[in-house]
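Asker: The structure is given below, and queries will be raised subsequently.
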Amino acid sequence: MTNDYLSKAKVLIVDDEPANVRLLERILALAGCHQVRCTTDPRQALPLFLEVEPDIVLLDLNMPYLNGFTVLEQLKAAISLEDYLPILILTADITVETKRKALTSGAKDFLTKPLDHAEVVLRIQNLIENRFLRQSMQRHNLDLERQVRERTGQLEDTLHELRTTQEQIVKQERLRALGMMAGGIAHDFNNALTMMLGYGELLHPWLEQNGSKREITYLDHIVSAAQDASHVVSRLREFYRPAEDNEIRLPVDLNEVVERVISLTSPKWKGKSRAAGVQIEVVSNLDKVPPVAGNAAELREVLTNLIFNAVDAMPQGGTITLSTTSDVDSAAVTITDTGIGMTPEERERCLEPFFTTKGEHGTGLGLSVVYGIVQRHKGAIEITSEKNAGTTFAIRFPATAEVEAAVKPQIARLDRTLRVLVVDDQEVICELIAEYMHGDGHSTACAYRGDEALKLFQKGTFDLVITDQAMPVMNGSQLAVAVKQHAPEIPVILLTGFGDEMLALGGRPPGVDLVLGKPISHAELRQAVYQAFTASKKLASVA
Ligand SMILES: Nc1ncnc2c1ncn2[C@@H]1O[C@H](COP(=O)(O)OP(=O)(O)OP(=O)(O)O)[C@@H](O)[C@H]1O
Ligand SMILES: [Mg+2]
């Protein structure tokens with residue numbers, strides 16, 4: 001092991017006595033050390049040292065021109081502080097004073113002349129071993145420091161990610177809590193508003209016959225205020241309501257949504273710019289994007305709100321850019337404006353319901369609706385904004401495989417035809433629903449009143465009842481109860497203009513299997529029939 005050190009070591013010998021130099025060379029060669037450079041001129045010591053970069057220096061003290069102490073000083077200045085480079089003094093003068101002086105000048109050990117061969121080899125071996133071990137320790141330390149630096153960097157990255165995730169979770173939690181609160185408030189408000197609107201409507205025809213003009217006007221004010229409040233509640237509902245199992249998710253082309261919304265909102269941005277004498281330009285950069293599983297009307301509502309906000313943010317005019325992009329598993333739509341931007345606090349809070357900086361001109365519900373819709377579409381919103389520089393909303397939706405998964409159950413059709421009783425006091429609606437049913441191969445009978453429908457039901461054989469809620473004499477929920485008393489296994493779908501409110505109130509009246517809000521599309525109705533029917537079959541088989 002030690003010989004190995006000697007064979008690798010580079011040695012520099014500085015001694016004015018050629019015989020000494022030769023002797024040392026021989027001793028070293030015998031010990032396996034062959035990388036030896038020598039000089040008998042001490043003035044050459046430093047240049048040679050710099051050239052050879054030795055692992056050890058053997059240095060005589062008594063020399064002409066420069067004595068060993070001066071050479072020692074020169075070498076010390078050339079050796080860096082971290083470098084352990086042993087200098088071994090060769091001297092016949094080994095007084096205590098010389099020793100002390102040499103040691104304080106940086107020498108590491110002594111060899112007294114005449115030289116003892118074995119001692120020379122052992123001392124050189126020790127010093128070199130020491131040097132190499134220290135070098136390896138230094139390398140090790142450097143490596144450790146590098147590893148620590150790398151790990152610290154990784155930890156900092158992880159910590160940053162963790163903080164970002166934590167902030168997002170806190171924000172999500174905050175919005176969830178707000179959603180629950182909003183849901184509770186909306187529910188109670190809905191109860192009160194349903195009463196106000198319902199009794200208001202009942203009172204109206206009576207007042208028209210018996211009341212004064214002023215009373216009718218007062219009632220109109222009450223009803224219209226209740227309608228406004230109900231509109232706010234239904235917007236609030238868009239923020240907190242979770243996705244429902246039977247929600248229709250069809251493949252939607254984001255580019256089509258963008259183009260339609262640009263055209264639908266043009267009166268706002270074109271009209272506004274003209275009226276205010278400023279110019280708002282709308283630019284679109286549409287890429288080829290995969291379809292997303294969604295509800296096109298809701299997605300249009302998202303972009304409409306974002307465009308309206310962008311217009312509001314640009315009182316001096318500017319540019320709104322709508323882009324669509326995609327990657328492997330998602331499609332995104334980005335809307336950027338060159339408007340007033342938001343402060344970090346505004347950006348943090350802008351999705352919260354009722355947060356607005358527009359005073360009376362804003363309800364603060366636009367972005368809450370956006371948030372609710374995007375959540376139900378399993379999407380994510382990223383907002384970047386800088387005060388007085390502009391804002392970007394990037395909304396990413398899952399695409400492809402997830403679309404198929406989401407869409408498949410929606411297009412499921414029943415594998416049998418049904419006999420459907422359709423009930424609505426408006427004949428046209430009855431006809432429309434019947435048309436939808438015929439389109440899916442089912443047969444229908446129509447009734448325009450609840451009591452008539454019940455008679456028909458009791459006489460005939462029906463597999464399903466689709467009924468309106470508000471009808472004279474017997475309304476839809478009363479009909480549902482009567483149907484269930486007669487045939488509990490027959491599913492009843494309640495189709496009503498109050499669908500939203502009813503759902504927000506927490507559900508279905510007794511006897512009703514599904515509540516649907518009007519207006520309803522063919523696909524939505526088909527899905528509902530499928531759902532009501534398969535659910536009732538499941539129940540029947542359990543029973
Ligand atoms: N593009 C934007 N640039 C600057 N600020 C914006 C932008 N979009 C939204 N904001 C800020 O977020 C707030 C909330 O927006 P949100 O759409 O929810 O409500 P609103 O526009 O104030 O009112 P509403 O949409 O109900 O009429 C705004 O008042 C505004 O401060
Ligand atoms: Mg808005």
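The values are calculated or read from the model by the stated rules, or taken from the named source; none is laboratory data. Predicted model only: the values in this text are computed from it and were never measured. Cβ: placed from backbone, ideal geometry, glycine included. Neighbour counts: every protein chain shown. For the accessible areas, the whole protein counts, side chains as well, though only heavy atoms, and no ligand, DNA or RNA atoms are used. Shrake-Rupley method; radii C 1.70, N 1.55, O 1.52, S 1.80 Å.
Asker: Within the stretch 313-347, which residues are under 16 Å from residue 268 (Cα atoms), within 16 Å of ligand 2 (Cβ to nearest atom) and surrounded by fewer than 19 Cβ atoms within 10 Å (Cβ to Cβ)?
Answerer: 315
Asker: Those residues that are open to solvent by less than 30 Å² (accessible area, probe 1.4 Å) and part of a loop (DSSP other than H, G, I, E, B), I need them from the stretch 85-105; list them, please.
Answerer: 85, 86, 105
Asker: Moving to a separate point now. Do you know which residues across the stretch 376-403 are within 15 Å of residue 331 (Cα to Cα) and out of contact with any Asp or Glu (no Cβ under 9 Å at 6 or more places or on another chain)?
Answerer: Within the stretch 376-403, 379, 380, 381, 382, 397, 403 meet the criteria.
Asker: Sticking with this one: Being open to solvent by 20 Å² or more (accessible area, probe 1.4 Å), out of contact with any Gly (no Cβ under 8 Å at 6 or more places or on another chain) and farther than 23 Å from residue 133 by Cβ is the filter here; which residues of the stretch 37-62 pass it?
Answerer: 37, 38, 40, 41, 43, 44, 46, 47, 48, 50, 51
Asker: Provide a single number: the residues in the stretch 363-391 that are more than 9 Å from ligand 1 (Cβ to nearest atom), open to solvent by 20 Å² or more (accessible area, probe 1.4 Å) and hydrophobic (A, V, I, L, M, F, W, C).
Answerer: Qualifying residue count for the region: 3.
Asker: So residue 363 passes all but one of these: (1) more than 10 Å from ligand 2 (Cβ to nearest atom); (2) assigned to a loop (DSSP other than H, G, I, E, B); (3) touching a helix residue (DSSP H, G or I) at 6+ places or on another chain (Cβ under 7 Å). Which condition number does it fail?
Answerer: Among (1) more than 10 Å from ligand 2 (Cβ to nearest atom); (2) assigned to a loop (DSSP other than H, G, I, E, B); (3) touching a helix residue (DSSP H, G or I) at 6+ places or on another chain (Cβ under 7 Å), the lone unmet condition for residue 363 is (1).
Asker: Something else now. It is to be established whether one or more residues within the stretch 201-216 are open to solvent by 100 Å² or more (accessible area, probe 1.4 Å), within 30 Å of residue 348 (Cβ to Cβ) and of a type in the set (A, V, I, L, M, F, W, C).
Answerer: Checked against the condition, which is being open to solvent by 100 Å² or more (accessible area, probe 1.4 Å), within 30 Å of residue 348 (Cβ to Cβ) and of a type in the set (A, V, I, L, M, F, W, C), the stretch 201-216 yields no hits at all.
Asker: Just for strands (runs of 3 or more DSSP E) wholly inside the stretch 269-332: which have at least 3 residues that are within 13 Å of ligand 1 (Cβ to nearest atom)?
Answerer: Ranges flagged: 318-327.
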